[in-house]
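Undergrad: Here it is: the structure, laid out below.
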Amino acid sequence: MKFKNNFVNVIGCGFAGCECALSLADKGVHVHVFDDRDLRLLNYEEKGVEFSQKKEFAKELLHEEICFLNGKLCQIKKEFLDKGIDLSPQEVLEEGRKRVKKHPNIQYFEMTVKELNFEEINVVATGPKTNSALFDWLINVFGARKCFDCFPIFPLVSQIDKSKFYEKDGNLFLPLSYKEYLDLINFIVLKLNFEILINGETPQLGTIEYLVSKEKDGLKNAWMTPIFIDNCEKPYAVLKLEKNGSGYTINGFASKLSVEAQIAILHSLKGMENCIILQKGEASQNCYINAPYMINEFCQSIKNENLFFAGNIAGVFGKTESVANGLYVANNVYSKLQGKYFVQLPENTCIGQMMQKIIKTNNLNYSKFEPIFADYDIIDLQKKLKTQKEIDNFLKFRSKMLLEKYKEELKNGKFI
């Protein structure tokens, strides 16, 4: 197909869009970036999986793969680390967006895109908060269905009486008896009924109020599963708090209740009577395309060869995952511009496995498609190698070798 213009449109400048735009621009491609982020009145800071290396091996491996493939946001992170400055994920993104706006090969537009010209190459990287007009237009053109998912943000608290908790590996566990758990549930229901009376809103999927409204043990079965605690009878339920910087994240306590109600609920728990909320719980409904139905393994639209999807909207969940996917899409778009065959990601890399899980998800109910985290299946290796360190070293070595071959194939790819 002949292109109307010799540039690429990148719609959205989040983690995936920013990475994609910078990667293409540094290769000499002229890029038009359309971003309505600055036009929206958002009090909502994007949160989720950290861009920096995580404890989980899959996150660490994915981060290393991005760096090995010369990811632009990864380079920004390293530049500042070399100066002794450890940027947060959001700060990395903001620095990336500054470079997008200043790049000589990029034209940046603060505007909302509501439809696309399929004679131009377009990368849709608008995330789960895609403008409804654009999303409806895409759905109408491709005849697919919207997929919905609840994105939870758990509350972050400080000033906790640790003497009431069981501590392990820096995390805290609060055992609750049947009566204590029931008191918590009843208090949540009380606050929920009051806010329904005032605002008339029904509980949103994935929140604590939704779980307790479905059944008495809804919260217990989802997030407060009982565990054995040393020198203690097995409790009826356990509240889990994960160490996070200067505070603790309360796992599973996403909520759409007012901050006053959330504070009251937490203060009703022993050891948390004087806790301070540093970040209130939230839950938002996000939309995605159904990736197995709409795109191929190269994140290219099945029905239109000039359309690519990147990041959250394609079903990739998490900041690191979005960066990796944006980089992969940039490589594919560049191959297309050169008139070369696409190069498939090696399946035995973390990035490659992530893409395969998206494309090969066998889900006939398109409205229930769930976004994919980066993880890594090491069950077979556990049978062959003795220690976790041996497994980690082997996977890192194999990943590097496979991606070295991938980079060579990109460079010396065959022309169509």
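Undergrad: Please list the three semi-axes, largest first and in whole Å, of the ellipsoid equivalent to region 155-280, using sqrt of 5 times the eigenvalues of its alpha carbon gyration tensor.
TA: Semi-axes, largest first: 24, 17, 12 Å.
Undergrad: Hey, another quick one. Per residue, what volume in Å³ does the convex hull of the Cα atoms of region 91-136 enclose?
TA: 101
Undergrad: If neighbour count is taken as other Cβ atoms inside 10 Å, put H103, H267 in order from fewest to most.
TA: Least crowded to most crowded, the residues run H267, H103.
Undergrad: Here is a follow-up. Can you work out ³J(HN,Hα) from phi for every residue in region 330-337, in order, using Karplus 6.51 cos²θ - 1.76 cosθ + 1.60 and θ = phi - 60°, giving whole Hz and x for Gly and Pro?
TA: Once rounded to whole Hz, the list reads 4, 4, 5, 5, 5, 4, 5, 4.
Undergrad: Put a dot 7 Å past each Cα toward the Cβ at K83 and E201; how far apart are the dots in nm?
TA: Using points 7 Å along Cα→Cβ, the separation is 4.0 nm.
Undergrad: Would you mind pulling out the separation of the Cα centroids of region 99-144 and region 316-352, in Å?
TA: Distance between centres, Cα-based: 18 Å.
Undergrad: Please arrange D26, D36, D169, D161 by counting, for each residue, the other beta carbons lying within 10 Å of its beta carbon, fewest first. Walk me through the numbers before you get to the answer.
TA: Values: D26 16, D36 19, D169 7, D161 12.
Listing D26, D36, D169, D161 from fewest to most nearby Cβ atoms yields D169, D161, D26, D36.
Undergrad: Using the structure shown, select from K77/K168; K389/K411; K72/K411; K162/K240; K164/K216 the pairs with a Cα to Cα distance greater than 21 angstrom.
TA: Too far apart for the 21 Å limit: K77/K168; K389/K411; K164/K216.
Undergrad: Per residue of region 88-96, what does 6.51 cos²θ - 1.76 cosθ + 1.60 with θ = phi - 60° give for ³J(HN,Hα)? Whole Hz please, x for Gly and Pro, Karplus curve as stated.
TA: 6, x, 5, 5, 4, 5, 5, 5, x
Undergrad: If you don't mind, there's one more thing I want to ask. For a quick check: sort D86, D217 by the number of other beta carbons within 10 angstrom, fewest at the front.
TA: Ascending number of Cβ neighbours within 10 Å: D86, D217.
Undergrad: Taking every pair of distinct Cα atoms and averaging 1/r, then inverting, what Kirkwood hydrodynamic radius in Å comes out for region 78-214?
TA: Kirkwood hydrodynamic radius for region 78-214: 21.1 Å.
No lab work stands behind these numbers, since they all come straight from the coordinates. As the structure is a computational prediction, the values presented were derived from the model and not from experiment. Neighbour counts are summed over all protein chains in view; Cβ atoms, including those assigned to glycine, are modelled from backbone coordinates with ideal geometry.
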